[in-house]
Amino acid sequence: MAERCDTAAVLGAGVMGAGIAAHFAGAGIRTHLLDIVPPDLKGDELKDPRARNRFAENGIAGALKAKPAAFYDPDAARLITPGNFDDHLDRLGECDLIVEAVVERMDIKKSLFSKVAKVIKPDAIIASNTSGLSIAEIGEDLPEDVQKRLLVMHFFNPVRYMRLLEIVAGPKTDPAVVARVARIGEDLGKGIVYGKDTPNFVANRIGIYGIMHVIHTMIADGYSIEEVDKIVGKPMGRPSSAAFRTADLVGIDTFLHVAKHCYDSLPDDEERDTFLMPDWVNKLVASGRTGQKAKAGFYKKEGKEIKVLDPETLEYREQEKIRIDSLGAAKKVEDVRARLKLLVNADDRAGQFAWKVTSKSLAYAARRLGEIADDIVNIDRAMRWGFNWELGPFEVWDAIGVPESVERMTKDGTDVPKWVLDMLANGQTSFYSGTESDKKYFDVATGKPVSMPRDPQHIHLAALHEDKKNIVKENPGAAMVDLGDGCLCLEVHTKMNTIDADVVSMLGDALDEAEKNFDALVIANDGDHFGAGANLMLVVTAAKQGQWDQIDQMVSDLQRNLQRVRYSSVPVVTAPFQFTFGGGAEIAMAGDATQAHAETYIGLVEVGAGLLPAGTGCLRMVERWTGESGKVETAPLLPFLAEGFTNIATARVATGAEDARKYRYLRPTDGISLNRDHLLYHAKQRALGMARAGYRPPRPQVFRAGGEDMAKTMNIQIWGMVEAGWATEHDGLIARKVAHVLCGGTVAEGTMLDEQAYLDLEREAFVSLCGEEKSVARMESLLMTGKPLRN
């Protein structure tokens, strides 16, 4: 069997198949995308390759237009070769992996696999992306050696962004094949859940049951759609799209199809009737109102207003303001476990609804153990990664308290499975136990807690914190963690990983420590985001008090330490991911190298706060856009400086790590990790590799300045934007300061400036903007509402 996946094929070029192909190509896998020959071809079209490949060509084109983007980089589409089943099935002979993603009909899948089996190589893996059909039935007529290499690889849509990959083995699948597919999935950035060959597998079985129970309970107890979505969204640790908005996004017709498949395929499910869709939803779909794709579903946007469906009339009405005490109280609780416990124990409409739908879903999930998955870990992961729950069902159960909730469920008449009652009777009061370094889950087969398997490429900082020997130094904002092998990690742990005095101080201390006692330094963290920028509250407070020297010193300290990062005697690797904004971006760009997660949304967004980048951000744009070209006296500077200017003046945020390379937030030599769990491991290996390869710090640079005349040229463009109404007067003021800094201030074009000159200019501009009332108003708006103010 092939140990690497260099070439793959995806059979079926619909939304799902094209999305899988785009993701494979984004991972560097050469991919064949095949579909049927269009049945409506006539005349010369019958011999035209482009016409015969039309469905596959359209699939690639659709993926290129998809929002959110299906490709990390549209250029990766070159790795996808379109084709059709009649002319190009022989291409499968070169493929290591073949994934089928055709229509969910058993006869069509079986017919296609019978053809595929004749042309694949002896070690190729073949998989179905079916969302719920039996893999045993799909493969029952295939040769036995092919059945050994057949399994389900169920990706979730959109493929690039949804972490879950369900793997389901058939009755004859070789365990080595399952292990190999799991490794391929992890390399693709996926979280693996092992399910059983039952209808809709794991995530959809539990998730669809939960949403269906919400719908039935809403109607039975007299709740409105918008009321339900306010309860079952963020307050319960679910996505803000909650239940009905999620159905609109997925497609109500798709949701109906999955629910119907559950009902039709699960005659022995004790809650089978829960999967019966109410007539009013069937009528909604029959009318063509299938959700966001039809611009009408449970919600409908009319002008600027989003109206909600009345289930009784199937007409849209204005949404009611939902004010319930427990929801207000839950909003103030950051910890999801505490928030859930508060909500389900509240004695008001929200609390009663939350308890009813939560308790029923928990009991249902527990009754499915052994049927859809072998352990609670796979069920919990399926719901976190496939439905974006913050906690899986058994983690929720632990959060609200297992003994007391089981007692309450029993009083309500809820059927709690015997294994849960036995667990409690034997003195085990939670499903999970142990520490971060040795987390255990309750294993039903053995009747006791067992250790969860650990991924050797997942460095978990929280686990390292449990052994104080690993903590070199710590303060309220950051810590130095010994990663072993001579590598030190600077970990920021403020709220949203913003930069404050503690972080800046620890950054300097970490550099001292690394240069004295370690071979390399990595800047990383285990939070939800790498860093949301500076702590604006500190800046606003100082600005309102006129503490200009204090602001100047804050900026100067950050600049000094980030310049030390750039020129440290040991290699420094930064590991950004998710939101990497403002000061977070400046930290990420300061390292000798960056190892970024594929989903890194990085940008210098300070203009939204009425400021400009002053923690070396302007300098980095000059360096990355003019560093090489600026050394050639005849090379034009304006086109390059204009790109850096646009990044800053428009707060341009990259839509991923590949996109960040276009804007030079990342360098061509920087690395990208698809698997978030492996990011810190990769960053550590990169840093140590540099250290062991004879690392020498770079020399400080000098740059050929654009000069004040070039800044005036930019200012003409800024004036035009303001006059046309595309920018406000204050936007124009900030943009002119950005142009002044990037062009090197009041100097002639071609003047050679060192890095400190640009640092002085950006710091001076930052402090001056802090004195502008409209800039202060922008900062206050972000702090109070989380939204930028355009004033």
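The table for this structure:
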item: Number of the condition not met by ASP86 [criteria: (1) surrounded by 14 or more Cβ atoms within 10 Å (Cβ to Cβ); (2) of a type in the set (Asp, Glu); (3) more than 25 Å from LEU165 (Cα to Cα)]; result: (1)
item: Number of positions in the range 444-465 that are among the charged types (D, E, K, R) and either closer than 21 Å to ILE499 by Cβ or within 27 Å of the chain's Cα centre (by Cα) (or both); result: 2
item: Among the candidates ALA765, ALA739, residue that is surrounded by fewer than 23 Cβ atoms within 10 Å (Cβ to Cβ), modelled with pLDDT of 95 or more, under 35 Å from the mean Cα position of the chain (by Cα) and not in a strand (DSSP E or B); result: ALA765
item: Counted residues, the range 473-488 - those being outside any loop (DSSP other than H, G, I, E, B), buried (at least 18 other Cβ atoms within 10 Å of the Cβ) and out of contact with any Lys or Arg (no Cβ under 6 Å at 6 or more places or on another chain); result: 5
item: Failed condition for MET784, given (1) of a type in the set (A, V, I, L, M); (2) outside any helix (DSSP H, G or I); (3) under 35 Å from the mean Cα position of the chain (by Cα); result: (2)
item: Single residue of LEU641, LEU611 found to be in contact with a Leu (Cβ under 8 Å, 6 or more places away or on another chain), surrounded by 20 or more Cβ atoms within 10 Å (Cβ to Cβ), in contact (Cβ under 8 Å) with a residue 12 or more places away in the chain and assigned to a loop (DSSP other than H, G, I, E, B); result: LEU611
item: Given (1) touching a strand residue (DSSP E or B) at 6+ places or on another chain (Cβ under 8 Å); (2) over 26 Å from MET690 (Cβ atoms); (3) open to solvent by 10 Å² or more (accessible area, probe 1.4 Å), number of the condition GLY533 does not satisfy; result: (3)
item: Residue in the range 417-432 that is farthest from PRO235 (Cα to Cα), counting only those that are under 35 Å from the mean Cα position of the chain (by Cα) and crowded, with 19+ Cβ neighbours inside 10 Å; result: VAL420
item: From ARG686, ARG692, ARG664, residue being open to solvent by 50 Å² or more (accessible area, probe 1.4 Å) and touching a helix residue (DSSP H, G or I) at 6+ places or on another chain (Cβ under 7 Å); result: ARG664
item: Of all residues making up the range 357-367, the number that are open to solvent by 10 Å² or more (accessible area, probe 1.4 Å) and over 18 Å from ILE219 (Cβ atoms); result: 1
item: Only one of GLU658, GLU599, GLU606 that is touching a residue at least 60 places away in the same chain (Cβ under 8 Å), among the acidic types (Asp, Glu) and touching an Asp or Glu at 6+ places or on another chain (Cβ under 7 Å); result: GLU658
item: Check on ASP438, charged (D, E, K, R), open to solvent by 40 Å² or more (accessible area, probe 1.4 Å) and modelled with pLDDT of 95 or more; result: no
item: Members of the range 27-48 that are at pLDDT 95 or above, outside any loop (DSSP other than H, G, I, E, B) and more than 22 Å from GLY185 (Cβ to Cβ); result: ASP35
item: Qualifying residue in the range 311-325 (condition: open to solvent by less than 30 Å² (accessible area, probe 1.4 Å), in contact (Cβ under 8 Å) with a residue 40 or more places away in the chain and either charged (D, E, K, R) or closer than 16 Å to SER241 by Cα (or both)); result: no
item: Candidate set: the range 563-580, residues that are of a type in the set (S, T, N, Q) and not in a loop (DSSP other than H, G, I, E, B); chosen: the one most open to solvent (accessible area, probe 1.4 Å); result: GLN578
item: Set ALA220, ALA243, ALA247: member being closer than 22 Å to GLU271 by Cβ, surrounded by fewer than 22 Cβ atoms within 10 Å (Cβ to Cβ) and among the small types (Gly, Ala, Ser); result: ALA220
item: Yes/no for PHE244 being more than 24 Å from VAL416 (Cβ to Cβ), modelled with pLDDT of 95 or more and hydrophobic (A, V, I, L, M, F, W, C); result: yes
item: Meets criteria (at pLDDT 95 or above, in a strand (DSSP E or B) and of a type in the set (Lys, Arg)) for LYS516; result: no
item: Strands (runs of 3 or more DSSP E) contained entirely in the range 117-170, each with at least 3 residues that are touching a residue at least 40 places away in the same chain (Cβ under 8 Å) and open to solvent by less than 50 Å² (accessible area, probe 1.4 Å); result: 150-155
item: Residue in the range 682-701 that is on the phi > 0 side of the Ramachandran plot and not in a helix (DSSP H, G or I) present; result: yes
item: Pick from the range 75-91, criterion in contact (Cβ under 8 Å) with a residue 60 or more places away in the chain and touching a Leu at 6+ places or on another chain (Cβ under 6 Å), ranking: farthest from LYS118 (Cα to Cα); result: PRO82
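So that you can scan it fast, the table gives a plain yes or no per residue for (1) open to solvent by 10 Å² or more (accessible area, probe 1.4 Å); (2) under 27 Å from the mean Cα position of the chain (by Cα):
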residue: LEU340; (1), (2): no, yes
residue: ASN345; (1), (2): yes, no
residue: ALA350; (1), (2): no, no
residue: TRP355; (1), (2): yes, no
residue: GLU371; (1), (2): yes, no
residue: ASP380; (1), (2): no, yes
residue: THR410; (1), (2): yes, no
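A quick yes/no check of all residues on (1) open to solvent by 20 Å² or more (accessible area, probe 1.4 Å); (2) hydroxyl-bearing (Ser, Thr, Tyr); (3) assigned to a loop (DSSP other than H, G, I, E, B):
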residue: THR254; (1), (2), (3): yes, yes, no
residue: ALA259; (1), (2), (3): no, no, no
residue: TYR263; (1), (2), (3): yes, yes, no
residue: PRO267; (1), (2), (3): yes, no, yes
residue: GLU270; (1), (2), (3): yes, no, yes
residue: VAL285; (1), (2), (3): yes, no, no
residue: ARG289; (1), (2), (3): yes, no, yes
residue: LYS300; (1), (2), (3): yes, no, no
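The values are calculated or read from the model by the stated rules, or taken from the named source; none is laboratory data. All of these numbers come straight from a predicted model, not from anything done at the bench. Here Cβ is always computed from backbone atoms with ideal geometry, including for glycine, and neighbour counts include all displayed protein chains. The area values use the complete protein model at the heavy-atom level, side chains included, leaving out ligands, DNA and RNA. Shrake-Rupley method; radii C 1.70, N 1.55, O 1.52, S 1.80 Å.
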